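Any read-out appearing in this document is the output of simple, stated calculations on the displayed coordinates, not a laboratory observation. What you are looking at is a predicted structure, and each value in this text was computed from that prediction instead of being measured.
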């Protein structure tokens, strides 16, 4: 099970939202959200990214794809799944437009 956890009283350099998978925080997502926080992103922005990444991680979990073996084809399959679920084009673009996150998970950048 994967979910977004809200941190009630985060430390000054800790994002207020973290992704938790099987009882542990997802390190690459935590690093990404922390970097955005330190760059001045608002809590609302951090929350949006956390939920967009939740959608992505649910997709890779359902497809049984390990983060270490992600390819551009997997990213295209993610877009196809979003379209199949009738996600709005703007939502799809936001969910895949995470170039900063691709620095944390370089396999997606292709």
The convex hull of the Cα atoms of the stretch 2-109, divided by residue count, gives a volume in Å³ per residue of 101 Å³
Helix 27-38 sits off the longest principal axis of the Cα atoms of the chain, rounded to the nearest 10 on a 0 to 90 degree scale, by 60 degrees
Tilt, helix 43-62 to longest principal axis of the chain (alpha-carbon atoms), in degrees rounded to tens, equals 40 degrees
Length-normalised contact order of the chain, Cα under 8 Å, at least 6 apart, in percent, tallies to 24 percent
